[in-house]
Amino acid sequence: SAVISQKPSRDICQRGTSLTIQCQVDSQVTMMFWYRQQPGQSLTLIATANQGSEATYESGFVIDKFPISRPNLTFSTLTVSNLSPEDSSIYLCSVWVRDTATDTQYFGPGTRLTVL
Amino acid sequence: QKEVEQNSGPLSVPEGAIASLNCTYSDRGSQSFFWYRQYSGKSPELIMFIYSNGDKEDGRFTAQLNKASQYVSLLIRDSQPSDSATYLCASPTGNTPLVFGKGTRLSVIA
């Protein structure tokens, strides 16, 4: 398994500002992912962040709005830029880990963002 | 386009009953399936995964997979009020991250 921490756990931000979310894993992992979960909804993948390469964004998500850094195999950041109330969501960091039988995906505790 | 479909519920069962949660998927290439439980305000936690046809049991939980019908289910025996949560079905394709269904909200009534 993997232990994943995120900072901050929650924040309230003003419209037009930016928030950077940090994700730290207790072991080296190749693939890290960022998801968004809007109120009452399921998880939507924002991007895949692999160390040493540009992040790969899903349809509907762009680098200018969600820049991602992946400086090493245990850490990543997601920035949500030019915030609007529609960005109010929970943002989750996730990693693939090789367990005994299969690869398994684990999640951090999430960052709850409220935009006023 | 990979899709995982779930009935959003809510599904209400009395305490001690069997809760049955269902999921269908569109990608015949999907090889493995994961069930996550998510309590309100918390992040998803893995309950179990399955990648072979048939049943897989872990305590009170049984996952069932039928690849021919593209159907996967989760049974919870002896349901407890603490099982009340949203249950998410998910599947990757190849090395891609998990695609999640919308989740089924389960309510176990004491």
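Figures for the structure shown
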quantity: Between region B:23-57 and region A:24-83, the alpha-carbon center distance in angstrom; calculated: 22
quantity: In Hz, Karplus ³J(HN,Hα) per residue of region B:35-52 (6.51, -1.76, 1.60; θ = phi - 60°; x = Gly, Pro); calculated: 10, 10, 10, 10, 7, 4, x, 10, 8, x, 10, 6, 9, 6, 10, 8, 9, 10
quantity: Cut-off under 5 Å, modelled amide H: who pairs with B:Asn7 long-range; calculated: B:Asn22
quantity: Measure of compaction for chain A (Cα Rg per 2.2 N^0.38 Å); calculated: 1.02
quantity: Dipole-positive endmost among A:Ser94, A:Gln24, A:Asn72 within chain A (Cβ charges, Cα centre); calculated: A:Gln24
quantity: Set of region A:5-22 residues, backbone N closer than 12 Å to the point 7 Å along the Cα-Cβ line of A:Ser81; calculated: A:18-19
quantity: Anchor B:Lys56: lysines whose Cα lies under 20 Å away (excluding residues fewer than 8 positions away in-chain); calculated: B:Lys67
quantity: Cα→Cβ-extended label distance, 7 Å offset, between A:Arg15 and B:Arg28, nm; calculated: 5.0
quantity: Candidates B:Ala68, B:Ala17, B:Ala90: whichever shows maximal mean-square fluctuation once chain B is modelled as a Gaussian network with Cα springs under 10 Å; calculated: B:Ala68
quantity: Dimensions in Å of the protein assembly as shown - Rg and Dmax from alpha carbons; calculated: 17.7, 52
quantity: Anchor A:Lys7: aspartates and glutamates whose Cα lies under 15 Å away (excluding residues fewer than 8 positions away in-chain); calculated: A:Asp26
quantity: Computed over chain B, the ratio Rg/Rh where both radii use C-alpha atoms and Rh is Kirkwood; calculated: 0.95
quantity: Full-extension gain in nm, A:Ser5 to A:Gln51, via 0.36 nm per residue minus C-alpha separation; calculated: 14.8 nm
quantity: Backbone HN-Hα couplings from phi across region B:82-91 [Karplus 6.51/-1.76/1.60, Hz, Gly and Pro as x]; calculated: 5, 7, 5, 5, 9, 10, 10, 9, 8, 8
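Throughout, read-outs are computed from the coordinates displayed, never taken from laboratory work. The shown structure was predicted, so the numbers you read here are calculated from the model rather than taken from an experiment. Methodologically, a virtual Cβ is constructed for each residue, glycine included, from the backbone with ideal geometry; neighbour enumeration extends over all protein chains shown.
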